[in-house]
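What follows is a set of notes on a single structure, which appears directly below.
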Amino acid sequence: MTESPDPPIAERAAAILGWTPSRWRRVHGGYTPAARYVGEHRGERCFLKVATNAVTRGMLRREARAYGAIAGDFVPAFIGWEDDAEAPLLLIEDLSEAVWPPPWTPTLVEQVRSAIADMHARSADLPGMAELPGILGGWSVVAEDPQPFLSLGLASATWLDKALPALVAAEAACPIAGEALTHVDLRSDNICITPAGPKFIDWAAACRGNPALDLGGWLPSLELEGGPPPEALLPGHPEVAAWLSGYFAARAGRPIIPDAPRVRAIQRAQLTKALPWAQRALGLPPLD
């Protein structure tokens with residue numbers, strides 16, 4: 001695959017930048033097939049993301065809307081974007097020279113936690129969390145069809161029968177609504193540390209919502225990467241543990257998504273930490 005964007009896309013990017021990169025470098029990451037590049041010229045750098053299908057077109061348009069609505073030290077510098085029927089493109093500052101955990105240290109964890117608190121202290125003209133596509137559903141979905149969850153091998157059918165009533169009830173008690181600016185996709189691949197502090201990327205799911213649920217969404221992946229258990233950063237929120245574990249439990253066992261084949265694996269990996277968190281928080285029987 002080419003290391004440079006197609007000439008028409010490169011020209012569109014240059015028109016937004018006001019300068020023409022003399023070198024483009026293809027970069028890889030994320031869980032969607034959006035094309036990603038770093039452009040450079042005489043010390044100037046930029047990051048370019050280009051939509052490549054219907055899913056990424058919708059995500060890029062939502063991300064561009066978010067950049068227009070939010071501000072803070074935790075947000076990359078927004079350069080510009082251009083809509084297009086087939087290939088919308090977004091330009092932000094290049095963060096490839098930042099520190100991208102893991103590994104995590106207590107200092108890095110605290111820096112990110114503080115930046116998340118700063119984000120949650122703000123609001124923005126964005127949709128509410130309940131309006132996000134596919135945001136609802138969890139243990140109630142598992143109750144209707146437990147086989148995809150059981151196929152993951154993380155718990156027995158006997159354990160699930162005993163635990164489901166408490167999981168469904170706690171999940172239902174978890175508030176989604178709120179006025180805090182929430183990212184809703186906090187994981188290490190979306191978090192970097194710059195000299196100015198942590199910055200969060202990939203804002204396609206940004207919305208107004210419950211800050212505890214947003215913080216909790218980061219914690220299973222943080223523990224997975226050697227960080228502290230979720231209770232260390234978010235004590236006393238069994239409803240969040242139930243909601244998040246249910247989110248992964250209802251999805252990780254589904255068929256692989258053709259345009260995002262790595263998503264199910266990361267959902268399962270996060271469930272290996274979110275499920276024991278919910279078990280501990282709700283006082284459920286030990287997993288078997």
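Mind putting a number on the dipole of region 71-129 about its Cα centre? Charges go on the C-beta only, +1 for Lys and Arg and -1 for Asp and Glu, and I need it in Debye to the nearest 20.
460 debye
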Worksheet item: Residues of region 233-257 with amide nitrogen under 16 Å from the 7 Å Cα-to-Cβ point of A173?
Response: 235-246
Discussion item. Charges at C-beta only: +1 for Lys and Arg, -1 for Asp and Glu. How large is the resulting dipole of region 97-226 about its Cα centre, in Debye rounded to 20?
Written reply: 200 debye
Worksheet item: Which of (1) 20.1; (2) 21.9; (3) 15.1 is the computed mean projected area of the Cα convex hull in nm² for the structure on display?
Response: (3)
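Only sites in a loop by DSSP and with at most 15 other Cβ atoms within 10 Å count here; which GluC sites (Glu not before Pro) in region 1-77 make the cut? Provide the component values of the computation, followed by the final result.
Working: sites: E3, E11, E40, E44, E63; in loops: E3.
Taking region 1-77 and a limit of 15 other Cβ atoms within 10 Å, the loop GluC sites (Glu not before Pro) found are E3.
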Discussion item. Could you give each residue of region 203-218 its phi-based ³J(HN,Hα) in whole Hz, using Karplus coefficients 6.51, -1.76, 1.60 with θ = phi - 60°, and x for Gly or Pro?
Written reply: 9, 4, 9, 4, 6, 9, x, 7, x, 5, 5, 5, 4, x, x, 7
Worksheet entry | Within straight-line cross-link reach of K273, lysines at Cα separation under 25 Å, skipping those fewer than 8 residues along the same chain | K162, K199
Discussion item. Taking θ = phi - 60°, what integer Hz values does the Karplus form 6.51 cos²θ - 1.76 cosθ + 1.60 yield along region 19-32, in sequence order, with x for Gly and Pro?
Written reply: 8, 10, x, 8, 8, 10, 10, 6, 10, 10, x, x, 10, 10
Worksheet item: For the pair A71 and E225, how long in nm is the line joining their label points, each one 7 Å along Cα→Cβ?
Response: 2.9 nm
Fill in: Only Lys, Arg (+1) and Asp, Glu (-1) charged, at Cβ; region 162-288 dipole about Cα centre in debye
300 debye
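Before I look further, what does region 130-173 give for accessible area per residue, probe 1.4 Å, in whole square angstrom?
Values: 2250 Å² over 44 residues.
With all protein chains present, region 130-173 gives 51 Å² per residue.
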Item to complete: With only alpha-carbon atoms counted, please give the Rg and Dmax of region 175-288, in Å.
Response: 14.4, 45
Item to complete: Pop out the ³J(HN,Hα) list for region 114-126 in order, Karplus 6.51 cos²θ - 1.76 cosθ + 1.60 with θ = phi - 60°, rounded to Hz; leave Gly and Pro as x.
Response: 5, 5, 5, 4, 4, 4, 5, 7, 10, 10, 7, 7, 9
Worksheet item: Once fully extended, how much extra length lies between E40 and A117, figured as 0.36 nm per residue of separation less the alpha-carbon to alpha-carbon distance?
Response: 24.4 nm
Practice prompt. Rounded to the nearest Å, what's the spacing between the alpha carbon centres of region 184-203 and region 93-112? Just the number, please.
Written response: 8 Å
Response to the item:
FRET efficiency for L287 and V263 from the Cβ-Cβ distance with R0 = 22 Å, rounded to 0.05, comes out at 0.40
Worksheet item: Going by the alpha-carbon gyration tensor, a ≥ b ≥ c the square roots of its eigenvalues, is region 117-172 rounded (a/c under 1.5) or, if a/c is not under 1.5, prolate (a/b greater than b/c) versus oblate?
Response: prolate
Worksheet item: Between S140 and R26, what FRET efficiency follows from the Cβ-Cβ distance if R0 is 45 Å, with the result rounded to 0.05?
Response: 0.60
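The values are calculated or read from the model by the stated rules, or taken from the named source; none is laboratory data. A quick note: this is a predicted structure, and the numbers were derived from the prediction, not measured. Every residue, glycine as well, gets a Cβ built from its backbone with ideal geometry; the counts of neighbours run over all protein chains shown. Protein only, heavy atoms only, side chains kept; ligands, DNA and RNA dropped before computing areas. Shrake-Rupley method; radii C 1.70, N 1.55, O 1.52, S 1.80 Å.
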